[in-house]
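First comes the structure, then the notes that go with it.
The values are calculated or read from the model by the stated rules, or taken from the named source; none is laboratory data. Since this is a predicted model, take the numbers as computed values, not measurements. Note: ideal-geometry Cβ built from the backbone for every residue, glycine included; neighbour counts use all protein chains shown. What goes into the accessible areas is simple: the full protein's heavy atoms, side chains included, and nothing from ligands, DNA or RNA. Shrake-Rupley method; radii C 1.70, N 1.55, O 1.52, S 1.80 Å.
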Amino acid sequence: MERFHRVFIIVLDSLGIGEMEDAARFGDEGADTLGHIAQAVPGLSLPNLAKLGLWNAHPSGKEQAEKHPEGYYGVLQERSNGKDTMTGHWEMMGIYTTKPFKTFTENGFPEELIKELEERTGRTIIGNKSASGTEILEELGEEEIATGHMIVYTSADSVLQICGNEETFGLDELYRCCEIARELTMKDEWKVGRVIARPYVGKKKGEFVRTSNRHDYAVKPPGPTVLDALKKAGYDVISIGKIKDIFAGEGITKAWKSKSSVHGMEQTTEAAGQEFHGLCFVNLVDFDALWGHRRDPEGYAAELERFDNKLGELLDVLQEDDLLMITADHGNDPTYKGTDHTREKVPLLVYSGSDKGAGSLGEQDTFAVIGATVAENFGVEMPEGTIGHSLLHLIR
């Protein structure tokens with residue numbers, strides 16, 4: 001019997017809460033995204049997250065823990081072999097990934113791939129290194145505009161990114177080149193999780209600004225997920241932010257693109273004010289993209305406080321038969337070495353106005369408890385080959 005008419009899942013992209021037991025295998029010993037942000041920014045104030053049990057879920061949050069939290073709280077371990085966005089989100093919806101996506105952070109992409117991409121696109125490639133998207137525009141944007149060359153770069157993620165000036169390179173040409181890159185990077189030796197079109201405007205250094213016409217070309221999940229099961233059963237599956245890109249459009253019935261994490265929360269609140277039956281799945285990427293990778297704990301803390309404020313607005317409009325789940329897909333400790341994601345446990349906060357109970361959900365051995373809980377609520381079977389067990393019986 002259906003308990004909740006609508007479920008909202010909000011992913012605070014990269015908000016880890018402490019190292020996994022196998023963190024050393026990833027070079028991430030001692031990482032703790034939330035804990036280290038709190039240490040770096042002593043005045044961090046997250047009243048809405050706190051009352052739902054965020055600090056109760058954090059291993060060192062005993063002093064800030066709520067005596068009587070309004071929600072359920074738990075800790076999730078990642079079973080899959082990886083620490084990237086796609087692996088984390090896919091696992092939430094039942095996919096167990098054993099082989100991590102390739103990264104090319106150290107030396108850029110192989111010469112063979114670059115040569116073939118140049119031949120297929122008819123463009124000379126410049127860049128080909130790991131870099132910040134804004135920094136590489138400052139470095140190479142003027143050269144691209146003057147020569148027609150194509151900026152290709154990567155990051156600590158499994159991505160191949162291509163910049164194109166909307167006025168001189170053109171959006172259609174940028175998308176064409178990205179489609180070719182996606183085809184080439186389906187080969188096992190070059191396989192990245194996403195190819196990303198990064199359009200920008202401006203004519204000289206200091207003026208370059210990336211636009212909202214970004215487009216991600218993601219690998220499809222290796223099999224059906226909970227999203228596919230919901231869609232097949234006739235439920236709404238609304239994507240906000242980059243969820244649609246992460247799942248390559250599979251299992252999505254409606255998608256809203258977000259300009260920022262604040263905008264994503266405003267869209268979520270707007271969706272809560274509309275009638276739908278099923279799942280609203282939200283990714284808020286700014287925590288990761290703007291602050292985690294750039295190792296900026298103060299910026300991360302400010303983003304968390306902006307989210308907490310918007311969370312209060314969402315809580316005010318949720319209906320009694322709505323279920324809210326807040327989690328993360330990996331860590332990205334902004335006080336840690338390097339610029340990469342960090343292998344961490346993540347929080348799970350669960351709230352509904354109709355719940356009479358609250359308290360601990362314990363520590364679970366997979367992110368897939370999220371999808372399994374949603375599937376049980378709506379009475380759909382987990383697709384064959386997926387993992388996960390429902391926590392619905394713990395939510396009273």
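Here are some notes:
- Dipole-positive endmost among Leu15, Tyr96, Asn107 within the stretch 1-110 (Cβ charges, Cα centre): Tyr96
- Residues whose placed amide H lies under 5 Å from that of His330, excluding near-sequence neighbours: Ser14, Leu15
- Considering only the chain, percent of DSSP beta bridges that pair antiparallel, nearest 5: 35 percent
- Approximate shape of the stretch 261-361 as ellipsoid semi-axes (Cα gyration tensor, √5λ), whole Å, largest first: 28, 16, 12
- Exceedance of the 29 Å cut-off in Cα-Cα distance is limited, within the set Lys254/Lys310; Lys115/Lys257; Lys204/Lys310, to Lys115/Lys257; Lys204/Lys310.
- For the stretch 156-207: rounded, prolate or oblate by the Cα gyration tensor [a/c cutoff 1.5]: oblate
- The chain: C-alpha gyration tensor shape, a/c 1.5 cut-off, then a/b vs b/c: prolate
- Electrostatic dipole magnitude of the stretch 287-396 [Cβ: Lys, Arg +1; Asp, Glu -1; Cα centre; debye, to 20]: 300 debye
- Choice from Leu12, Leu284, Leu311 with maximal GNM fluctuation in the chain (Cα, 10 Å cutoff): Leu311
- As an equivalent ellipsoid, the stretch 130-223 spans semi-axes of 24, 13, 11 angstrom, where each value is the square root of five times an eigenvalue of the C-alpha gyration tensor, largest first.
- Top of Ala233, Ala57, Ala301 by mean-square fluctuation, Gaussian network on the chain, Cα under 10 Å: Ala233
- Annotation: peptides 216-223, 287-294, ranked by per-residue average of other Cβ atoms within 10 Å with the highest first, follow the order 287-294, 216-223.
- Relative contact order of the stretch 1-100, defined on C-alpha pairs under 8 angstrom at six or more residues apart (%): 17 percent
- Reducing the stretch 198-272 and the stretch 43-100 to their Cα centroids gives an inter-centroid distance of 22 Å.
- Cα centroid of the stretch 315-368 to Cα centroid of the stretch 369-396, whole Å: 16 Å
- Charge dipole (Cα centre; +1 on Lys/Arg Cβ, -1 on Asp/Glu Cβ; no other charges) of the chain amounts to roughly 300 debye.
- Think of the chain as a dipole: +1 on every Lys or Arg Cβ, -1 on every Asp or Glu Cβ, centred on the Cα centre; then among Ala50, Cys280, Asn165, Cys280 lies furthest on the positive end.
- For the chain, calculated [θ]222 nm from helices alone, where every DSSP H run of n ≥ 4 adds -39500 (n - 2.57): -9000 deg cm²/dmol
- Solvent exposure of the stretch 34-152 amounts to 46 Å² per residue of accessible area, where only protein heavy atoms count and the probe is 1.4 Å.
- Under the shape rule built on the C-alpha gyration tensor, where the axes satisfy a ≥ b ≥ c, the stretch 304-396 is oblate, since a/c reaches at least 1.5 while a/b does not exceed b/c.
- Unit charges at the beta carbon, dipole of the chain: most positive-side option, Val195, Thr154, Val262: Val195
- Across the chain, C-alpha contacts under 8 Å between residues 6 or more apart give a mean separation that, scaled by the residue count, equals a relative contact order of 30 percent.
- Among Gly338, Gly82, Gly74: highest mean-square fluctuation, GNM of the chain, C-alpha pairs under 10 Å: Gly338
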